[in-house]
Amino acid sequence: MKFSRYLNLTVLLTGVFLLLLAYNFIAGAVAAENVLKGWAWSFNTGWVNFNCEDREVCGQSDYKVSINPSTGELSGYAWSSNIGWIKSDPAGAYPINPQKSAYMYWDEKEKSVKMDGWMRACNVFKSDCSGDLKPSA
C-alpha cells in the first residue's frame, strides 16, 4: 500500500513536471543564470514556484531549483501551496525508468529542450524528503 501510494504520487508529479517543464516552461518558468524562475501550473498540483525571488520570500524561505550547465541535472526545491515542498534531485531508487533524478537535455531531433527524470513531493514523508512515508489519512 505504501509503495503504491508513493508510486502513484511520484508518477503523477513526474508527469506534471514533464508536461510543464519540457514544453519550454509553460506559465513563464524560465532558466536564467542556471536557476529556474517563474511558475508552472497543473490541474492536480496547482501553481508550483521554482524560486523564492518570485514570491519575495527569500528572507523567510530561501529556495530555488538550479540547473547544472554541464550535466543538465536539476537540484534544489520548488514550492506549491497545495502539496508543499518538491525536491528536484531526490535520491533513488526510482520505481520505473529513467533511473535518475530530474534533468534537462537538448533533443536534436525535435530541436528543443526536454526534461526527464524524477522529482519528489516531500509532504508524503514523515521527515525531510525521504525515508518512511506518513500513515494514510
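The values are calculated or read from the model by the stated rules, or taken from the named source; none is laboratory data. The structure presented is a predicted model; accordingly, all values stated were derived computationally and were not measured.
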Among the residues listed as Ser75, Ser42, the single one being farther than 20 Å from Leu133 by Cα, at pLDDT 85 or above and not basic (Lys, Arg)
Ser75
The range 100-125, residues that are under 30 Å from Ser136 (Cα atoms) and under 15 Å from the mean Cα position of the chain (by Cα)
Lys100, Ser101, Ala102, Asp116, Gly117, Trp118, Met119, Arg120, Ala121, Cys122, Asn123, Val124
Which residue is nearest to the chain's Cα centre (by Cα), if the candidates are limited to the range 126-137 and must be outside any strand (DSSP E or B) and of a type outside the set (A, V, I, L, M)?
Cys129
Exactly one condition in (1) at pLDDT 90 or above; (2) on the phi < 0 side of the Ramachandran plot is not met by Lys126; state its number.
(1)
